[in-house]
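Asker: Here's a structure for you.
The values are calculated or read from the model by the stated rules, or taken from the named source; none is laboratory data. Everything quoted here is computed from the prediction, not taken from an experiment. A quick note on method: Cβ atoms are made from the backbone with ideal geometry, for glycine too, and the neighbour counts reach across all protein chains shown. When the accessible area is computed, the model is the full protein with side chains, heavy atoms only, and any ligands, DNA or RNA have been set aside. Shrake-Rupley method; radii C 1.70, N 1.55, O 1.52, S 1.80 Å.
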Amino acid sequence: MPLIDSYELERVAMVNALDVLDPDLGASLDPITRLAAFTFGVPVVMVTIVDADSQRFISKVGTELTRTDRRVSICAHAIETGDEILEVPDLSKDRRFADNPMVTGEPFMRFYAGAALRSPSGHALGTICLIGYEPRHLTADERRKLVTLVQVVMTHIELKLSVGRREAISGMSNRQQFQADLLTLAERRRGAELHAVLVDVMDLQSANEAGQVLGMAPMESLIRQAGQRLVTLLDGAAKVYHLSSTRFAFVLGGRTAGGLNELLMRLREGLREPLSAAGVPMSPLFHAGVVPFHADATEAGDVVRKALIAVHAALSQGIPIAWYTRDRDDQLTRAYRLAADAEAGLLDGEFHLLYQPRVRLSDLRVRGVEALLRWDHPELGAVSPDEFIPVFEKTALMAVVSRWVMEHAIAQLGQWQAAAPQLQLSLNLSPRDFDNGSPAEELLALCAEHGVDPGRVEVEVTEGEWISNHRHALPQLRTMQGGGVRIAIDDFGSGYSNFGYLTELPISVIKLDRSLVSGIALAPTAALKAEAVIRLARRLGYSTVAEGVENLGDLRLLQEWGCDEGQGYLLARPMTPELALQLATGAALEFGPHPE
Ligand code: C2E
Ligand code: CA
Ligand code: CA
């Protein structure tokens, strides 16, 4: 087996990247090919591209052939010689070609002169070759002409390929060109340490809003001006590409991280000067993602993806510059995997529910349980809901998973009916669940199906503020409440939660977040805050549940303040339905570790 060297691999990659096999490109070369036949007085002229195992004739005169096997290709030799021109005056007298079927049989080729077509990166993509049926020599003058012809053909190819490589709005080079140039750069500066920067100059949301008022043309002009400003600010240090509607990219070499950050902060300053959009002054924004990479074909191929990750990190954290990190990449890959595997996982029984008892603080009896979802992924092992729920929430998966949780939890409550008729069940819904469909009707229908009184069911939702702003959510909650289901605000006190908006919502329970509760016995300020929240909530008529009760001191304080229920590792961990039932039907709790 012949050894395939890395030059050859890259050469073939370049043939594909540059798209030189495009039939349109070949057709556009035909006039040049005809002119060459006339100029050199040969019957056959071909522009060939040599790919991995064949040679294709993308433009030709005097032959019907469109491709040949690379093994019988004479041009394959031409691209391998370091010389500008491979000239063979009489093929039948040359050991390399004497028994070539094109020489020994039809069309009985005799004369060959081929010159390599080289990409800007220096890779020989193919040739332009002259073929005659009689032996012949090129004169010195003809050799010069052939070299010029090669330049004409390559310039033509580059020009032709640059069509479709410009962004229509800015006229700047686009992503296709960026990608192609990265490959070239990888060759030219092989091994160099470079930085790719992707800059987002406008937040798409406000661009769209402004577009609705001003029309698209001023917004496009704004983006164009922002791009040009980047070019001016970079002052020739790098070529700027217009990658997507609001994003520009460039590559810099030879900078330290500190130097690059400094440069980017200067760009940011310069970019912030207001520009005019239809007479309205608007300032471009600046969020940059930076990717350090080594100039080689593999890394260059992955730069745009990584730059997107980095720029999204900057955008989501609201910071001007974010560097690509492997961690974030892995995290995204893992999140993507979780989302992709979830639905099959549900069907394959990889999910199950654990139940964490909720304890009445006045007598320490189990009053209810909270259903908590668990996923044992066959390859990734146990995945925490803190990881997979936020992933599902970004997709349509959330509704599917919530539906599954409702079905299983309510069925479980139905099974517990005889043994624990008073036991309450709470389940978690995500704000996303209220976007589509009607979780309220589904929940009430499930209660009916399993003979469960909806008065024993509680729904926990986190973001009350979100809910109060969403038209769909409120009627859903009202329907649930109307059917007897209680609604709890979960994680209260963890974010910006306040009592203000709660009064408009059909809420009856407030669950104090763990961060508000854990350790209060040892932290007087925290204790003051927790006490104030509990007392106020009670006076407003809510019942209160403290999460994250982890030690006895905290428990005693909560009891003293009149908190209704507690939930936490001190009282009971999330556990199997069998254990939860045992605990719920047993005596009042004593403290000690409980098995999960
Ligand atoms: P959450 O609703 O606040 O649930 C309480 C979480 O705190 C549970 O974590 C529970 O195991 C944990 N926990 C309980 N007591 C203690 C304690 O004393 N100390 C500490 N450190 N932790 C305690 P888990 O089961 O990992 O669930 C995490 C979050 O995932 C839940 O927080 C909830 O937001 C979400 N989640 C879980 N199951 C579901 C579900 O079925 N649907 C939805 N939408 N979200 C769910
Ligand atoms: Ca909860
Ligand atoms: Ca919670």
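Asker: Relative contact order (percent) for the range 518-596, with alpha-carbon contacts under 8 angstrom and 6 or more residues of separation?
Answerer: For the range 518-596, the relative contact order is 27 percent.
Asker: Continuing with the same structure: Where only protein heavy atoms count, and the probe is 1.4 Å, what is the accessible area per residue for the chain in Å²?
Answerer: Working: 28260 Å² over 596 residues.
Value for the chain: 47 Å² per residue.
Asker: So how tilted is helix 326-347 from the main axis of the chain? Cα-based, degrees 0 to 90, rounded to 10.
Answerer: Orientation of helix 326-347: about 70 degrees from the principal axis.
Asker: Can you work out the FRET efficiency for the pair Gln417 and Arg305, with r the C-beta to C-beta distance and R0 = 56 Å, to the nearest 0.05?
Answerer: Taking R0 as 56 Å, the efficiency between Gln417 and Arg305 is 0.60.
Asker: Can you compute the charge dipole magnitude of the range 134-288 about its Cα centre, using +1 on each Lys and Arg Cβ and -1 on each Asp and Glu Cβ, nothing else charged? Give it in debye, rounded to the nearest 20.
Answerer: 460
Asker: So, in Å, what gap is there between the alpha-carbon centers of the range 59-99 and the range 482-531?
Answerer: Cα centroid to Cα centroid, the span is 81 Å.
Asker: Taking the Cα centre of the chain as origin, sum charge times position over the Cβ atoms of Lys and Arg (+1) and Asp and Glu (-1), and report the length of that vector in debye to the nearest 20.
Answerer: My answer is approximately 1480 debye.
Asker: What is the Cα centroid distance between the range 40-55 and the range 544-588, reported in whole angstrom?
Answerer: 82
Asker: Provide the packing ranking of 520-529, 547-556, i.e. peptides ordered by the mean count of other C-beta atoms within 10 Å per residue, highest first.
Answerer: 547-556, 520-529
Asker: Can I ask one more? Need the C-alpha centroid separation for the range 205-225 versus the range 258-317, integer Å.
Answerer: Cα centres, the range 205-225 to the range 258-317: 20 Å.
Asker: Just to be sure I understand the model, the point goes 7 Å from the Cα along the line to the Cβ. What's the resulting Ile169 to Asp203 distance in nm?
Answerer: Here the answer is 1.7 nm between the modelled labels.
Asker: To check you understand DSSP bridge types, tell me what percent of the beta bridges within the chain (both residues inside) are antiparallel, rounded to 5.
Answerer: 75
Asker: Still on this structure, please answer the following. Ranked highest first by average number of other Cβ atoms within 10 Å, how do 320-331, 392-403 line up?
Answerer: The densest-packed peptide leads the list: 392-403, 320-331.
Asker: First compute the accessible area of the range 152-217 with a 1.4 Å probe, then give the percent of it belonging to carbon and sulfur atoms.
Answerer: On the way: 1790 of 3400 Å².
C and S fraction of accessible area: 53 percent.
Asker: Still on this structure, I have one more. Which Cα, out of Pro577, Val533, Ala546, lies furthest along the positive dipole direction of the range 498-596 (beta carbon charges, K/R +1, D/E -1)?
Answerer: The one lying farthest along the dipole's positive direction is Val533.
Asker: Quote to one decimal, in nm, the extra length available between Asp30 and Arg556 on full extension: 0.36 nm per residue of separation minus the C-alpha distance between them.
Answerer: Details: separation 526, 0.36 × 526 = 189.36 nm, distance 9.09 nm.
So the extension gain works out to 180.3 nm.
Asker: OK, next. To test your reading of the geometry: what angle, between 0 and 90 degrees and rounded to tens, separates the Cα axis of helix 6-18 from the longest principal axis of the chain?
Answerer: Taking the Cα atoms of the chain, the angle to 6-18 is about 80 degrees.
Asker: How far is it, in nm, from the label point at Ser316 to the one at Asn16 when both lie 7 Å from their Cα along the line to the Cβ?
Answerer: 3.0
Asker: Show me 476-485, 382-391 ranked by packing, highest mean number of other Cβ atoms within 10 Å first.
Answerer: 476-485, 382-391
Asker: Using a simple charge model, +1 on the beta-carbon of Lys and Arg, -1 on the beta-carbon of Asp and Glu, nothing else, what dipole does the range 325-428 show about its Cα centre, in debye to the nearest 20?
Answerer: Working: 11 positive and 15 negative charges, 106 e Å.
Dipole size: approximately 500 debye.
Asker: Report, ordered by chain and residue number, the lysines lying within cross-link reach of Lys160, taken as a straight Cα distance under 30 Å and ignoring same-chain residues fewer than 8 apart.
Answerer: Hits, sequence-local ones excluded: Lys60, Lys145, Lys239, Lys306.
Asker: Normalised radius of gyration for the chain, please: alpha carbon Rg relative to 2.2 N^0.38 Å, two decimal places.
Answerer: 1.42
Asker: With each label point set 7 Å from Cα along the Cα-Cβ vector, what nm distance links Ala339 and Ser221?
Answerer: Using points 7 Å along Cα→Cβ, the separation is 3.8 nm.
Asker: Determine by what factor the alpha-carbon radius of gyration of the range 67-152 differs from 2.2 N^0.38 Å, reporting the quotient.
Answerer: In units of the 2.2 N^0.38 Å rule of thumb, it is 1.07.
Asker: With n ≥ 4 as the cut-off for DSSP H runs, can you work out [θ] at 222 nm for the chain, using -39500 (n - 2.57) per run divided by the number of residues, rounded to the nearest 500?
Answerer: It comes out at -13500 deg cm²/dmol, rounded to the nearest 500.
Asker: For a paramagnetic label modelled at 7 Å from the Cα of Ala523 toward its Cβ, which residues of the range 484-503 fall within the zone defined by backbone nitrogen distances under 18 Å?
Answerer: 491-497
Asker: At 0.36 nm per residue, minus the direct Cα-Cα distance, what do Thr63 and Thr155 gain on full extension? Give it in nm, one decimal, please.
Answerer: 30.7 nm
Asker: As I understand it, the value is the acute angle between the Cα axis of helix 397-416 and the longest principal axis of the Cα atoms of the chain; what does it come to in degrees, rounded to 10?
Answerer: The answer is roughly 30 degrees.
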